[in-house]
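Report on the structure given below.
The values are calculated or read from the model by the stated rules, or taken from the named source; none is laboratory data. What you see is a predicted model, and the numbers here were worked out from it, not measured in a lab. A quick note on method: Cβ atoms are made from the backbone with ideal geometry, for glycine too, and the neighbour counts reach across all protein chains shown. Just so you know, the surface numbers come from the protein's heavy atoms only, side chains and all, with ligands and any DNA or RNA stripped out. Shrake-Rupley method; radii C 1.70, N 1.55, O 1.52, S 1.80 Å.
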Amino acid sequence: MVKRTDKRPARPATVHFVGAGPGDPELLTIKGVKLLKKAAVVVYAGSLVSKELLRYCSKKAALYDSASMHLKELTDIMIDAANSGKTVVRLHTGDTSLYSAFGEQAEILERNGVPYDITPGVSSAFAAAASLRKEFTAPEVTQTVIFTRLAGRTPVPAEEDLEALASHRATICVFLSARAIEEVVRLLIKGGYPPSTPAAVVYKASWEDEISITGALNDIARKAKEAGIKRHALIFAGRALGGKETRAASKLYDKEFSHGYRAKK
Ligand code: SAH
């Protein structure tokens, strides 16, 4: 029989990646709250995750802000904690599936034999839609939403540049690009959106100091600049964001239309 000489548990604890939601602490999922309550170690992206969320953590939890850390530093914290049997929560703003760099962390955990799971969160894109009181998909206008960004230090593949995406005239939601809103607008118009296309900018969706601005592609950059918005904001464009004159009625609630849950009356 092999005698274990160290105190390490036979299996490492699980690292839970949790989507923290857009900012409002009440927009964290119940599952996310439960995980935060039981976590011994919490690593959060301090630049965007609201500190209010940390109130859900146990007083004994060790909290680390990943804002100033590089990848190895933050994965070392998670791996060491998991190997000593401590439950870890890694909090990412919004949802983990969008611009969170979750994948590279998960790969390192896998290489080190540390199990992980993911709890989704409310993306800032959806919190912004709620603030704007809009549907991104509108019947007979557009049934497609594009999430994208301008290239920054992270490049964007050439076939996905804004001008190419604009040719679809779908609802477009541009992350990480508020500082360059003029360039975003220029490329969207050059690529095919008419300048009169409804557009919006939402700064800090769901936070107390949220600002939401609406207009058209030809004035949204000026309005956002006037409001002093440079970061922490999303840029939207598309006809679905317009008033009801741009929309047809949905078939879902049309009484002439039957579907699996409702026979024609
Ligand atoms: N995973 C996150 C996005 C992270 S990338 C999500 O699903 O929302 C960071 C970018 O997201 C910011 O530059 C900004 O464009 C956007 N963002 C994050 N939180 C935001 C908020 N509350 N309001 C508006 N934009 C936000």
Point to revise | In order through the range 34-51: 3J(HN,Hα) via Karplus (6.51 cos²θ - 1.76 cosθ + 1.60), integer Hz, x for Gly, Pro | key: 4, 5, 4, 4, 9, 6, 8, 9, 10, 10, 10, 7, x, 5, 10, 7, 5, 4
Practice item. In debye, nearest 20, what is the charge dipole magnitude of the chain about its Cα centre with +1 on Lys and Arg Cβ and -1 on Asp and Glu Cβ, if you could check? Key: 920
Exercise for review: Quickly work out the A164-to-E26 label distance, labels modelled 7 Å from Cα along the C-beta direction, and quote it in nm with one decimal.
Suggested key: 4.3
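Restricting to the chain, what percent of DSSP beta bridges are antiparallel, rounded to 5? Present the calculation step by step, with values, prior to reporting the outcome.
Values: 17 of 39 bridges.
Antiparallel bridges make up about 45 percent of those DSSP assigns within the chain.
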Point to revise | Most fluctuating residue given options G228, G191, G238, as computed from a GNM of the chain linking Cα atoms under 10 Å | key: G228
Exercise for review: Would you give the gap between the C-alpha center of the range 37-114 and the C-alpha center of the range 132-196, rounded to a whole Å?
Suggested key: 31
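Once you order the gyration tensor axes a ≥ b ≥ c over the Cα atoms, which shape class does the range 124-246 get: rounded for a/c under 1.5, otherwise prolate or oblate by comparing a/b with b/c? Kindly include the intermediate steps, with their values, before the conclusion.
Values: a/c = 1.40, a/b = 1.03, b/c = 1.36.
It is rounded, given that a/c, with a ≥ b ≥ c, falls under 1.5.
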Review point. What relative contact order, as a whole-number percentage, does the chain give when Cα pairs under 8 Å and 6 or more residues apart are counted?
Key: 19
Review point. Which whole-percent values make up P(r) of the chain when all C-alpha to C-alpha distances are grouped in 5 Å steps starting at zero?
Key: 1, 6, 12, 14, 14, 13, 11, 10, 8, 5, 3, 1, 1, 1, 0, 0
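Where nothing but the Cβ of Lys and Arg (+1) and of Asp and Glu (-1) is charged, how large is the charge dipole of the range 124-246 around its Cα centre, in debye to the nearest 20?
Working: 16 positive and 14 negative charges, 47 e Å.
Taking the Cα centre of the range 124-246 as origin, the dipole is about 220 debye.
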Exercise for review: Give the accessible area for F17 in Å² (nearest 10); use a 1.4 Å probe, count only protein heavy atoms, and leave out ligands, DNA and RNA.
Suggested key: 0
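At a Förster distance of 22 Å, what's the computed FRET efficiency of S58 paired with T14, Cβ-Cβ distance as r, to 0.05?
0.85
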Point to revise | Gaussian network model of the chain, springs between alpha carbon atoms under 10 Å - residue of A227, A81, A138 with greatest fluctuation | key: A227
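With only Lys, Arg, Asp and Glu charged, each at its Cβ (+1 for the first two, -1 for the last two), find how big the charge dipole of the range 15-119 is about the Cα centre; round to the nearest 20 debye. Walk me through the numbers on the way to the answer.
Numbers: 12 positive and 12 negative charges, 109 e Å.
Computed about the Cα centre, the dipole is about 520 debye.
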Study note, to complete from the structure: Residues whose built amide H sits under 5 Å from the amide H of I146, excluding neighbours closer than 5 in sequence, are T171, I172, C173
Check your understanding: Per 5 Å bin from zero, what fraction in whole % of the C-alpha pairs of the range 1-152 is there, up to the bin with the longest pair?
Key -> 2, 9, 17, 20, 18, 12, 8, 6, 4, 2, 1, 1, 0, 0
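With every protein chain kept in the model, how would you rank T171, T154 by accessible area, 1.4 Å probe, largest at the top?
Working: T171 0, T154 75 Å².
Descending order: T154, T171.
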Revision key, fill the gap. With 0.36 nm assigned to each residue of separation and the Cα-Cα distance removed, R222 to A130 gains 30.8 nm
Study note, to complete from the structure: Non-local residues with an amide H under 5 Å from the amide H of Y64, with H modelled 1.01 Å from N and Pro and chain starts lacking one, are V42, V43, Y44
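Which of K37/K72; K34/K60; K51/K230; K190/K225; K31/K59 have a Cα-Cα distance over 23 Å?
Numbers: K37/K72 26 Å; K34/K60 15 Å; K51/K230 21 Å; K190/K225 21 Å; K31/K59 19 Å.
Check vs 23 Å cut-off fails for K37/K72.
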